[in-house]
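Notes follow once the structure below has been shown.
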Amino acid sequence: MSTPNSKRWNNFFGRQLTVRQKVTLRIVAVGGLVSVVCAAGAVWNTDQAEPTARVQNERLPVSTVVLTAETAAQRQRSYTGTLVARRTSELSFEVAGKVQQVLVDEGEQVSGGQVLARLDTGRLEAKRNKIRSERDQAAALLAELVAGPRQETIAAARAEVQQLESDVALLERQVARSAKLVSQGGAVTAEEYESDLFGTKAARARLVAGQQRLQELENGTRQERIDAQRAILAMLEASLADSELEIEDAELLAPYAGTLSVRRVDEGAVVSAGEPVFRLVELDRLEAWFGLPPKVAAKVNVGETYDVQVGGRSVPAQVKAVLPELDRTTRTRSVILELSTSEGLVPEQVARWSLAETQATEGFWVPNTALMRGTRGLWSVYAVGADQTVARRDVELLSTGSEASFVRGTLVAGDTVVADGVHRLVPGQSVSAISNSAADQ
């Protein structure tokens, strides 16, 4: 049995190698492999260095702008509001009663003055008829007082006075006779005399009363009584008018043209005065309500026209009012804009309003195509140095427009900034600047 030291291997040609020969061959093989790897690395480094050299030697033409310092910038800020119907009313009857007819339903468009529902007016009409009768009675009595007593009544009163005067004259003669007989001791006693005397006094009193009644009839009705009766008649006239209004209020009319959004009652229901029956919404004139910061709202003038974004389209709107008080919850000032059209729009839709605000700060306008996203929320631009290489500068974005943005940061007035094609550049790359004016950007 052979040992490891005496082991023989068969090579390619059938020769057997010793262990020493075998180790030698392995060393040679490893050395050759290392040589091959080094040669490959040298070739790869040569291939990579050549483009870099070309980039350093060839300058990339880029469009540039020269920065001009600004002391203020306009920023577009968007505010969110809500569409509101110009008029929304909870309609109700002014009197209580049982609903007799409901003439409309939800979603129907109604015109101003259109009858929406009616109450049963049986009791109201009975009350009106009673008041009307009392009014007629009071009017007749007033007419009688104004006309005064009839001539026949005055003539009867005058005849009664004449009769009383005759009775008094007769009694006075009888008293005179009785007094004479009593003084002569005749057939008339003192008691009879006194009876005749008191009878005469009573007759005189009746005569005075009759004369006064006659005088009152001849003078006509007192003005105070006529005035009192006129007041009673006026009170009844007012009660009758109130009753007529109650009957009119038994019909519920639309106060303006609009669309019924809610119907709460049906026929036969008993409703109380002021209980909501319908909700009426005016849809042909919508308003947009916005809450703006007080400083921004103070710059908005009534009558100015703006474009409001609603439902993906732009709608012209005019400022109707700027409310004088702040909302206690949002601490904003309400601005109301009246839309020029309400076609296809409904209340409670979201509206957006963009306003330009001037911000007093130093900075520079750069084309939007010059901006690159940086780190920590910043942006970057490529500035071209005196050696015609580009360097990355971080900036803060203050305002964005459709073509240019207002920035501030590690820039100074007079710096040259790459205007577009920044995706083709790397820091330190050589460029050939082609200057453009800011207006062209």
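List of remarks:
- Flag for ARG213 being among the basic types (Lys, Arg), in contact (Cβ under 8 Å) with a residue 12 or more places away in the chain and under 30 Å from ILE131 (Cβ atoms): no
- Extreme residue, farthest from SER63 (Cα to Cα), among residues of region 385-440 that are of a type in the set (Gly, Ala, Ser) and surrounded by 18 or more Cβ atoms within 10 Å (Cβ to Cβ): SER399
- Any chance LEU245 is in a helix (DSSP H, G or I), in contact with a Lys or Arg (Cβ under 7 Å, 6 or more places away or on another chain) and closer than 30 Å to GLN100 by Cβ: no
- Filtered residues of region 55-97 (kept if out of contact with any helix residue (DSSP H, G or I) (no Cβ under 9 Å at 6 or more places or on another chain), of a type in the set (Val, Ile, Thr) and not in a strand (DSSP E or B)): VAL55, THR68, THR71
- Every residue from region 176-201 that is part of a helix (DSSP H, G or I) and out of contact with any helix residue (DSSP H, G or I) (no Cβ under 7 Å at 6 or more places or on another chain): ALA176, ARG177, LYS180, LEU181, SER183, GLN184, GLU191, GLU194, SER195, PHE198, LYS201
- From the list ARG173, ARG204, the lone residue that is modelled with pLDDT of 80 or more, in contact with a helix residue (DSSP H, G or I) (Cβ under 8 Å, 6 or more places away or on another chain), of a type outside the set (S, T, N, Q) and not assigned by TED's automatic domain parsing to the domain that holds ALA269 is ARG204.
- The set of residues in region 276-302 being more than 17 Å from the chain's Cα centre (by Cα) and either under 21 Å from GLU108 (Cβ atoms) or modelled with pLDDT of 95 or more (or both) consists of PRO276, VAL277, PHE278.
- Only listed residue being out of contact with any helix residue (DSSP H, G or I) (no Cβ under 9 Å at 6 or more places or on another chain) and under 30 Å from LEU103 (Cα atoms), chosen from ALA269, ALA321: ALA269
- Residue check, ARG279 in contact with a Ser or Thr (Cβ under 8 Å, 6 or more places away or on another chain) and charged (D, E, K, R): yes
The values are calculated or read from the model by the stated rules, or taken from the named source; none is laboratory data. Here the structure is a predicted model, which means the values were calculated and not measured. Using ideal geometry, Cβ is built from the backbone for each residue, glycine included, and neighbour counts are taken over all protein chains shown.
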